[in-house]
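*Asks:* Mind having a look at this structure? Questions to follow.
The values are calculated or read from the model by the stated rules, or taken from the named source; none is laboratory data. Computed from a prediction, not measured in an experiment: that's the story for all the values here. Cβ: placed from backbone, ideal geometry, glycine included. Neighbour counts: every protein chain shown.
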Amino acid sequence: MKHYFLAAFVFVVMISLGVSAQTTRVLSPDGLTYLDVKLADGRLSYSAGYRTIVKAKKKGAKADTLDVPMLLDSPLGVYTNVADFSKNLTLIQDSKSDEPIKQTYQLRQGKQSVITSENNDYNLLLSTPAARRSGVQMAVHFRVFNNNIAYCYSFIQTGETSAIVINGEASGFRLPTDATAFICPQSDPMIGWKRTKPSYEEGYIWDEPITKRSGYGHGWTFPCLFHEGDKGWLLISETGVSSNYCGSHLSDATPDGLFTIAFPMEGENNGFGSTGAQLGLADSKISPNDAQAGVTPWRTITFGSTLKPIVETTITWDVVEPLYEPSIDYKGSRNTWSWILWQDPSINYDDQVKFIDLAAELGWEGCLIDGGWYEHIGREGMEKLFAYCKQKGVRPWVWYNSNGGWNDAPQCARQCMHNSIVRKKEMKWLRDNGVAGIKVDFFPGDKQETMRLYEGLLSDANDYGILVICHGCTLPRGWERMYPNYCSSEAVLASENLYFSQGFCDMEARHACLHPFVRNTTGSMEYGGTALQKRLHKEPNKGNTRRTSDVFELATAVAFQSSAQNFALTPRNLTEQPKFEIDFMKQVPTTWDETRFIDGYPGKYIVMARRHADRWYLIAMNAEPAAKTLTLEPAVLSGFAADKAVLLTDGADGQTPQQEPLKLDKKGRITLTLQPQCAAVIY
Ligand code: CA
């Protein structure tokens with residue numbers, strides 16, 4: 001752990017005559033991302049953008065740089081019960097890192113397995129008259145990476161006060177008013193199915209003005225993607241939220257384009273728990289990486305002239321640290337899942353045997369037994385299923401209701417995961433029966449009280465070597481790295497809506513071409529996709545009609561990142577689908593060593609590639625109403641061996657799924673024509 005904070009502070013001369021104003025510029029290690037931090041009239045603010053190199057007009061003259069502002073002057077500060085740290089601020093010290101801070105770390109279950117990142121730091125230590133009386137100082141920590149900026153606050157004890165309450169933040173993000181947004185509204189609390197919202201399952205606004213009011217009037221949930229026309233793209237999110245704080249979201253924008261950090265709503269968790277945060281103060285030796293003392297979550301800003309930095313960003317994990325060691329060597333998992341197409345009636349012993357058999361047939365690692373098992377299978381029946389899994393070489397995954405007493409979700413097992421005493425008893429039973437993981441549902445919002453529930457649950461599960469998927473839940477915020485047994489979270493309108501609504505099926509391709517740019521780029525997404533049945537029901541001629549092609553569905557297995565995937569395949573697929581489709585699903589991995597953005601536009605189309613070990617998977621997906629022709633250049637095809645790689649397409653008509661050897665033209669390129677809601681896969 002680095003203890004550079006404070007120790008490394010360099011005193012600066014305060015400008016105390018007349019109007020005090022100071023602006024400090026911090027550049028990223030490549031010099032192309034800038035951050036300006038301004039302290040003027042007792043208020044702290046920041047702005048940021050990227051720099052382009054302008055060629056020198058005269059021979060021999062130095063090239064110049066041009067600032068391209070992406071985030072305009074935006075306020076900083078925190079409202080606490082000891083002082084208002086948004087005004088009357090004076091600088092005590094500040095410091096910049098002398099040279100870039102480098103780190104290399106492993107991320108078992110994200111978009112990239114080994115991540116090397118580099119950043120410059122800027123730290124400020126501030127006070128106000130009221131804060132001085134209470135003996136509390138506020139620090140602001142900036143980290144400037146290439147194409148990414150993160151900042152957080154920490155609070156330091158200098159007197160008797162060692163605990164404070166955070167009531168809100170002035171932290172803001174100001175965008176040009178002509179920017180457009182791809183964002184999801186925050187829902188009202190305690191509405192929806194059995195009063196289980198908010199659960200990050202709202203519809204997006206697509207490329208609409210940033211000043212549009214959110215449907216419920218509570219603002220927008222992270223991550224938030226913005227388009228600034230020709231200048232490029234900007235993504236705002238949050239990471240490092242532990243039991244130490246609440247989860248935040250963005251307010252509606254003001255008419256002049258300012259979004260501010262919004263705290264949870266009073267009504268969440270059935271009205272229980274504060275909307276603010278209770279924070280123990282740090283002593284002066286603590287760095288912001290010692291995540292449990294005095295430190296707020298990080299807010300992250302990713303931007304660039306293209307969408308590449310957005311899709312490939314690792315900022316969510318770069319600024320957090322593991323909060324505990326993994327108790328075992330956790331692995332990714334492909335699971336069968338009866339509930340998604342066979343629904344509640346399938347939660348019985350015989351149908352679960354069919355899906356355990358399906359997992360064994362596919363060579364997948366697991367089978368998820370969904371909600372209702374407690375009533376319809378019982379613990380003894382489950383133990384028989386666990387034994388059957390063992391015999392078949394398949395690891396069971398088991399669904400739980402997170403309640404507790406926060407909403408009316410009725411499914412069982414309930415009252416097994418809401419406190420540490422019952423959890424440990426349950427988890428011992430799971431471990432003793434060879435269960436690999438749990439899927440816990442119906443969490444109650446974003447309050448600090450709920451973050452404590454998540455953290456306790458994850459930490460207890462790790463003690464028993466159990467992986468955790470969260471469902472009906474908040475966005476994960478750095479959790480893949482913070483909690484090593486964390487897999488993924490729903491926090492999206494997921495595949496269950498294909499079963500529930502034809503309208504959602506009609507939108508499936510658009511959503512699939514949006515998630516890699518927004519929801520899934522800052523956190524693992526438990527979507528539950530790759531339905532290969534044309535009608536989404538247990539009976540062949542019932543249910544909603546899937547609009548996407550077969551290869552489009554195969555491509556989502558690569559597009560959607562989650563180290564545990566609950567795929568929507570059913571026993572019928574084994575006899576009804578072309579063999580190459582099943583072969584693809586038998587070997588598709590769920591953990592990735594590398595992720596590369598190639599081309600695309602949110603909600604319209606995407607071309608991206610992921611690597612697992614030495615095998616690349618390239619996908620091209622078209623959600624537009626017209627056919628799309630794309631030429632892939634040699635640079636993106638170099639990872640494919642000519643004699644081994646295959647191309648999967650839906651045929652010229654978009655309805656004839658086929659596999660053929662990958663054939664490139666003389667220049668090493670390939671041109672693909674994708675019909676609407678169709679895709680291509682190269683692997
Ligand atoms: Ca859901």
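*Asks:* Are any residues in segment 194-220 within 16 Å of the ligand (Cβ to nearest atom), surrounded by 14 or more Cβ atoms within 10 Å (Cβ to Cβ) and not hydroxyl-bearing (S, T, Y), and if so, which ones?
*Replies:* Within segment 194-220, K194, R195, K197, P198, E201, E202 qualify.
*Asks:* Something else now. Restricting attention to segment 167-175, does a residue exist that is within 16 Å of the ligand (Cβ to nearest atom), outside any loop (DSSP other than H, G, I, E, B), in the same structural domain as A131 (by TED's automatic domain parsing) and in contact (Cβ under 8 Å) with a residue 12 or more places away in the chain? First the steps, then the outcome.
*Replies:* The initial filter retains those residues of segment 167-175 that are within 16 Å of the ligand (Cβ to nearest atom), namely none.
Checked segment 167-175: no residue is within 16 Å of the ligand (Cβ to nearest atom), outside any loop (DSSP other than H, G, I, E, B), in the same structural domain as A131 (by TED's automatic domain parsing) and in contact (Cβ under 8 Å) with a residue 12 or more places away in the chain.
*Asks:* Give the number of residues within segment 413-444 that are assigned to a loop (DSSP other than H, G, I, E, B) and either within 19 Å of S327 (Cα to Cα) or within 16 Å of the ligand (Cβ to nearest atom) (or both).
*Replies:* The first filter runs over segment 413-444 and keeps only residues assigned to a loop (DSSP other than H, G, I, E, B), leaving 413-419, 433-436, 442-444.
In the following step, the residues that additionally are either within 19 Å of S327 (Cα to Cα) or within 16 Å of the ligand (Cβ to nearest atom) (or both) were identified as 433-436, 442-444.
Here the count works out to 7.
*Asks:* Next up: Could you tell me which of the residues D94, D98 is among the acidic types (D, E) and either assigned to a strand (DSSP E or B) or not assigned by TED's automatic domain parsing to the domain that holds V295 (or both)?
*Replies:* Being among the acidic types (D, E) and either assigned to a strand (DSSP E or B) or not assigned by TED's automatic domain parsing to the domain that holds V295 (or both) holds for just one of D94, D98, which is D94.
*Asks:* Considering only segment 79-119, state which residues are of a type in the set (K, R), touching a residue at least 40 places away in the same chain (Cβ under 8 Å) and within 26 Å of G31 (Cα to Cα). Explain how you work it out, then say what you get.
*Replies:* Initial filter on segment 79-119 (of a type in the set (K, R)): 87, 96, 102, 108, 111.
Those left that are additionally touching a residue at least 40 places away in the same chain (Cβ under 8 Å): 87, 96, 108, 111.
Within segment 79-119, K96, K111 qualify.
*Asks:* Additional query: Would you check if there is a residue in segment 605-612 being charged (D, E, K, R), at pLDDT 95 or above and more than 25 Å from F500 (Cβ to Cβ)?
*Replies:* Within segment 605-612, the subset charged (D, E, K, R) is 610-611.
Going one step further and asking which of them are at pLDDT 95 or above, we end up with 610-611.
Still in the list and also more than 25 Å from F500 (Cβ to Cβ): 610-611.
Looking for residues that are charged (D, E, K, R), at pLDDT 95 or above and more than 25 Å from F500 (Cβ to Cβ), one finds at least one in segment 605-612, hence yes.
*Asks:* Across segment 531-555, which residue is surrounded by the fewest Cβ atoms within 10 Å (Cβ to Cβ) among those that are in contact (Cβ under 8 Å) with a residue 60 or more places away in the chain and among the hydroxyl-bearing types (S, T, Y)?
*Replies:* Of everything passing the filter in segment 531-555, T548 is surrounded by the fewest Cβ atoms within 10 Å (Cβ to Cβ).
*Asks:* Tally up the residues in segment 588-634 that are among the hydrophobic types (A, V, I, L, M, F, W, C), surrounded by fewer than 20 Cβ atoms within 10 Å (Cβ to Cβ) and closer than 14 Å to T671 by Cα, please.
*Replies:* Residues flagged as among the hydrophobic types (A, V, I, L, M, F, W, C), surrounded by fewer than 20 Cβ atoms within 10 Å (Cβ to Cβ) and closer than 14 Å to T671 by Cα within segment 588-634 amount to 2.
*Asks:* Return only the number of the condition from (1) touching a helix residue (DSSP H, G or I) at 6+ places or on another chain (Cβ under 6 Å); (2) more than 16 Å from the ligand (Cβ to nearest atom); (3) at positive phi; (4) not aliphatic (A, V, I, L, M) that K538 does not satisfy.
*Replies:* Answer for K538: the failing condition is (3).
*Asks:* Right, here's the next one. Identify the residue in segment 153-166 that is of a type outside the set (F, W, Y) and assigned to a strand (DSSP E or B) and, among all such residues, is nearest to S45 (Cα to Cα). Full working, then the answer.
*Replies:* Restricting attention to segment 153-166, the residues satisfying the condition of being of a type outside the set (F, W, Y) are 154, 156-166.
Checking the rest, the ones that are also assigned to a strand (DSSP E or B) come to 154, 156-157, 163-166.
On the way: S154: 16, I156: 21, Q157: 24, A163: 26, I164: 23, V165: 22, I166: 19 Å.
So the residue we want is S154.
*Asks:* Now for a different question. Only one of these conditions is not met by I191: (1) more than 16 Å from the ligand (Cβ to nearest atom); (2) without any contact (Cβ under 8 Å) to a residue 12 or more places away in the chain; (3) part of a loop (DSSP other than H, G, I, E, B). Which number is it?
*Replies:* (1)
*Asks:* Before we move on, is V518 farther than 20 Å from C367 by Cβ, of a type in the set (V, I, T) and within 16 Å of the ligand (Cβ to nearest atom)?
*Replies:* Values: farther than 20 Å from C367 by Cβ: yes; of a type in the set (V, I, T): yes; within 16 Å of the ligand (Cβ to nearest atom): no.
So V518 fails the test.
*Asks:* Pairs under 8 Å by beta carbon, first residue of a type in the set (A, V, I, L, M) in segment 200-213, partner more than 16 Å from the ligand (Cβ to nearest atom) and not in a strand (DSSP E or B), six or more apart or different chains?
*Replies:* I205/K212; I210/L175; I210/T177; I210/A179; I210/A253; I210/G257
*Asks:* Being loosely packed, with under 14 Cβ neighbours inside 10 Å, modelled with pLDDT of 95 or more, within 35 Å of the chain's Cα centre (by Cα) and in the same structural domain as Y151 (by TED's automatic domain parsing): is that true of D30 here?
*Replies:* Numbers: loosely packed, with under 14 Cβ neighbours inside 10 Å: yes; modelled with pLDDT of 95 or more: yes; within 35 Å of the chain's Cα centre (by Cα): yes; in the same structural domain as Y151 (by TED's automatic domain parsing): yes.
Here the answer is yes, as D30 does meet what is asked.
*Asks:* Now for a different question. Taking the conditions exactly as written (in contact (Cβ under 8 Å) with a residue 24 or more places away in the chain and touching a strand residue (DSSP E or B) at 6+ places or on another chain (Cβ under 8 Å)), does T570 satisfy them or not? Please lay out each step first, then the result.
*Replies:* Values: in contact (Cβ under 8 Å) with a residue 24 or more places away in the chain: yes; touching a strand residue (DSSP E or B) at 6+ places or on another chain (Cβ under 8 Å): no.
When the stated conditions are applied, T570 does not pass them.
*Asks:* Any idea which residue in segment 197-239 is nearest to D408 (Cα to Cα), counting only those that are in contact with an Asp or Glu (Cβ under 6 Å, 6 or more places away or on another chain) and part of a loop (DSSP other than H, G, I, E, B)?
*Replies:* In the first step, residues of segment 197-239 are kept if they are in contact with an Asp or Glu (Cβ under 6 Å, 6 or more places away or on another chain); the result is 213-214, 216, 219, 222.
Next, only the ones that are part of a loop (DSSP other than H, G, I, E, B) stay: 213-214, 216, 219.
On the way: R213: 30, S214: 26, Y216: 22, G219: 25 Å.
The qualifying residue nearest to D408 (Cα to Cα) is Y216.
*Asks:* Restricting to segment 370-405, name every residue that is surrounded by 20 or more Cβ atoms within 10 Å (Cβ to Cβ) and among the charged types (D, E, K, R).
*Replies:* If the condition is that a residue be surrounded by 20 or more Cβ atoms within 10 Å (Cβ to Cβ) and among the charged types (D, E, K, R), then D370, R395 are the ones that fit.
*Asks:* Within segment 290-395, considering only helices (runs of 4 or more DSSP H) that don't extend past its boundaries, which have at least 1 residues that are hydroxyl-bearing (S, T, Y) and under 20 Å from the mean Cα position of the chain (by Cα)? Walk me through it before giving the result.
*Replies:* Numbers: elements: 308-312, 315-318, 339-342, 349-362, 373-376, 378-392.
Per the criteria, 315-318.
*Asks:* Condition (residue is within 16 Å of the ligand (Cβ to nearest atom) and touching an Asp or Glu at 6+ places or on another chain (Cβ under 8 Å)) applied to segment 449-467: is it met by at least one residue? Talk me through it step by step, then tell me what you get.
*Replies:* Within segment 449-467, the first condition is being within 16 Å of the ligand (Cβ to nearest atom), and the residues that meet it are none.
No - not one qualifying residue is present in segment 449-467.
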